[in-house]
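Below is one structure, written out as structure tokens; comments come after it.
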């Protein structure tokens, strides 16, 4: 392991994230974000370096973040298989990150067994969203029902004459999850400001469930909102936006 490598122990997550790459601004930024998400993080320069790690003392890696531009599709499948054996982690899931590659490059990465990605610019919510997908036993299955995607925008909610500022964590055309330290009570009827270009639409919804901090690894503190039926054109715009975001999250 190289000099900048370190392991940060989380009290919330029992899973270990392996971060591949040389010491750089993006790698240091990702390490800080993972630490802020309370993830146990181990870094390595490359796959060979990761293979030399004594995983018994660090926890078996469940997720691997690896720069897209360092991958050789013709060798990666064999390298990943070897690392899974050495780390004792047969379900280690890779997530490629970096600039959005060409159509041909993406096809080659998919053929090498990589399905999840963080292409282009992304924030903490997208990082957590993808790690949760990788940790899910259904990581490689297509989602059923409405597509959802991580978001980072701030907005406001209203209920019983009161106002609460929130940040969107994930969104679909049927609802979303919103981060706030003090969620509304489950079952509350609320209104939400939805960004719409330079305007904001007011849509109605209901609180389905809240997370008050007991499951911080899976979700930040906040609340899930189910939207009342939306007008068709609004629903289609949301779906188009979600699909565009999803394109950067899958190889």
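We did not get these values from a lab; they are worked out from the coordinates using the rules stated. Nothing here was measured: the structure is a model prediction, and the numbers come from that model. Counting neighbours? That spans all protein chains shown, and the Cβs are built from the backbone with ideal geometry, glycine included.
Remarks
- Distance between the C-alpha centres of the stretch 32-53 and the stretch 200-251: 30 Å, rounded to the whole angstrom.
- Rounded to 0.05, the FRET efficiency of the residue 208 and residue 81 pair, given R0 = 30 Å and the Cβ-Cβ distance, is 0.15.
- Antiparallel DSSP beta bridges within the chain, percent to nearest 5: 65
- Between helix 73-87 and the chain: long-axis angle, C-alpha atoms, 0 to 90°, nearest 10: 90
- Legend: calculated FRET efficiency, residue 154 to residue 239, from the Cβ-Cβ distance at R0 = 35 Å, rounded to 0.05, equals 0.95.
- Debye-sum result for the stretch 88-200 in log10 I(q)/I(0), which assumes one identical scatterer on each alpha carbon, at q = 0.09, 0.11 Å⁻¹: -0.34, -0.50
- At R0 = 41 Å, FRET efficiency that the Cβ-Cβ distance of residue 228 and residue 48 yields, to 0.05: 0.15
- Shape category assigned to the stretch 32-108 from the gyration tensor of Cα positions, a/c cut at 1.5: oblate
- Nearest 10 degrees, 0 to 90: helix 25-36 Cα axis against the chain principal axis: 60
- With the convex hull drawn around the C-alpha atoms of the chain, the volume per residue stands at 133 Å³.
- Label-point separation, residue 200 to residue 247 (7 Å along Cα→Cβ), nm: 2.9
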